[in-house]
1. Please work out which one of (1) farther than 22 Å from residue 59 by Cα; (2) surrounded by fewer than 24 Cβ atoms within 10 Å (Cβ to Cβ); (3) touching a residue at least 40 places away in the same chain (Cβ under 8 Å); (4) away from ligand 1 (no atom under 12 Å from the Cβ) is the condition residue 176 fails and give its number.
2. Do we find a residue being more than 22 Å from the chain's Cα centre (by Cα), surrounded by fewer than 14 Cβ atoms within 10 Å (Cβ to Cβ) and more than 26 Å from residue 146 (Cβ to Cβ) anywhere in segment 24-33?
3. Those residues that are more than 16 Å from ligand 2 (Cβ to nearest atom), within 15 Å of the chain's Cα centre (by Cα) and surrounded by fewer than 19 Cβ atoms within 10 Å (Cβ to Cβ), I need them from segment 179-201; list them, please.
4. Take residue 131 and decide whether it is over 28 Å from residue 23 (Cα atoms), surrounded by fewer than 21 Cβ atoms within 10 Å (Cβ to Cβ), touching a residue at least 40 places away in the same chain (Cβ under 8 Å) and out of contact with any helix residue (DSSP H, G or I) (no Cβ under 9 Å at 6 or more places or on another chain).
5. Determine whether residue 89 is within 16 Å of ligand 2 (Cβ to nearest atom), within 19 Å of residue 208 (Cβ to Cβ), assigned by TED's automatic domain parsing to the domain that holds residue 425 and in a helix (DSSP H, G or I).
6. Look through segment 436-457, keep the residues that are part of a strand (DSSP E or B) and over 30 Å from residue 25 (Cβ atoms), and return whichever of them is farthest from ligand 1 (Cβ to nearest atom).
7. Among the residues of segment 13-34, what is the count of those that are within 30 Å of residue 498 (Cα to Cα) and in a loop (DSSP other than H, G, I, E, B)?
8. Within segment 368-429, which strands (runs of 3 or more DSSP E) (wholly inside it) include 3 or more residues that are within 16 Å of ligand 2 (Cβ to nearest atom) and either touching a strand residue (DSSP E or B) at 6+ places or on another chain (Cβ under 6 Å) or not assigned by TED's automatic domain parsing to the domain that holds residue 446 (or both)?
Ligand code: ATP
Ligand code: MG
């Protein structure tokens, strides 16, 4: 491709509204342009990379025995009613009406559609197992679209669905997809960590893993052990302490509860700062609305409630903190003074609280707290569970000596064992070998194709631009003649361009009449792996070869250059 003809609008300055490096670089490298919040066009360079990512995914899915199809984005919402997800999915689901008033959703994922297809076409165990997939645009009206392609409202996803006769079959499909995912991310040149995850709105009881691209901008927190291979999303992570049976022994020597005056002190921080109390000695009491009623949740002062663990404990799909009027009605005090003593609502107690001896709690009265409180003696311990987020330094729940530490990740993929979550609701059944009707065992497997584009750049860039891995670079080789006015340079450049192209290489030649500085800056920015500079050595038939990721360059004769680039490394390099 000749750069003079390529639609490649690069930008020198850093766009002010782009926070993430990958977002900045993709805008500057002319790869994407915004149309509306979270909605982007892929310019030719962006489209090339996206297509390469798609193809690697496609090859590995095909190799794993999955079959590609393409399902509609417009999905009748009756299907969502059937699966029961219509109400759970909430405002993220983009809805529209046709001229007859029939409601549709723009698919955020396709469990309903694929299940409706398979239930109509398959009715015997002989046609199972089956894994279907598609690479298709998805829509989610995200609350906070941001970071460019990392969180879009219209984005490209690979979604796969497995159908098996039993749990054993599902386990096998799941393992196959998991190893395909490892191969995919490996080929994409992206560093990922597979972590235990929560099933979220997709549901299913089987088990699920997320594939996290390690990056500081990531919105997910990963807790991992410094000793064994345990790693989990913070939403899901359990500490060794979080598995212990509650310590519920009274300390007979301890003092009786005592009210004390704490004017204007209504946060844990204030108790710690102004009264010099240790957060580990405080109990935080939070009032939640759970369905039509309210509950209190207790965690230690230095801990945070994990909403997902709490929802699982209560068997709810949604819950939120109570408003201040509800808090006042239940505790008799303004927000900030809630405590467990004398509360009439059910109290859910985190394990770490159950073991406390001499705690400070809110007094359920304005400007008062209570000290020398003992869980189990001063309030009942009916519901004691692991309800908190783990913190760095917590013991590992998997091994003996390890401790948890945190890192940030971008979720680039997730795999789920759905079990019969959808086949039951949507009646996707088959006849087994004994002629009995059984529900299909399902799994689903997503990869954020467009999100990967951003994630690779988050992991592979320097202050000049992008560093593409060979496997998904928009072009493999960038030929940069220093001066288009110099006929010797131009004819050498042209002959190398022709020869490399004929050898099947993807080559971009910068034939623009620009200053060398501009050409080099653009070249670094778009990050093509190999750069061949044709300058003053052209007269001797020599060129300069530089790899984007390395500082040093080499002066080579033309034959040496071909041997280097075309010769030994025809296969895919990573
Ligand atoms: P997140 O927690 O980041 O919102 P999710 O768990 O809701 O993602 P899934 O339903 O598991 O996402 O979708 C499969 C994959 O699609 C995700 O692993 C992610 O890579 C990608 N993805 C999800 N939402 C978006 C989005 N808004 N923009 C780009 N990619 C997305
Ligand atoms: Mg997910």
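1. With (1) farther than 22 Å from residue 59 by Cα; (2) surrounded by fewer than 24 Cβ atoms within 10 Å (Cβ to Cβ); (3) touching a residue at least 40 places away in the same chain (Cβ under 8 Å); (4) away from ligand 1 (no atom under 12 Å from the Cβ) applied to residue 176, the lone miss is (1).
2. No - not one qualifying residue is present in segment 24-33.
3. 191, the sole residue that qualifies.
4. Against the criterion (over 28 Å from residue 23 (Cα atoms), surrounded by fewer than 21 Cβ atoms within 10 Å (Cβ to Cβ), touching a residue at least 40 places away in the same chain (Cβ under 8 Å) and out of contact with any helix residue (DSSP H, G or I) (no Cβ under 9 Å at 6 or more places or on another chain)), residue 131 does not qualify.
5. Against the criterion (within 16 Å of ligand 2 (Cβ to nearest atom), within 19 Å of residue 208 (Cβ to Cβ), assigned by TED's automatic domain parsing to the domain that holds residue 425 and in a helix (DSSP H, G or I)), residue 89 qualifies.
6. Going through the qualifying residues, I end up with 437.
7. Qualifying residue count, segment 13-34: 3.
8. 404-419
The values are calculated or read from the model by the stated rules, or taken from the named source; none is laboratory data. Remember, it's a predicted structure, so these values are computed and weren't measured experimentally. Here the Cβ is made from the backbone with ideal geometry for all residues, glycine too, and neighbour counts use every protein chain on show.
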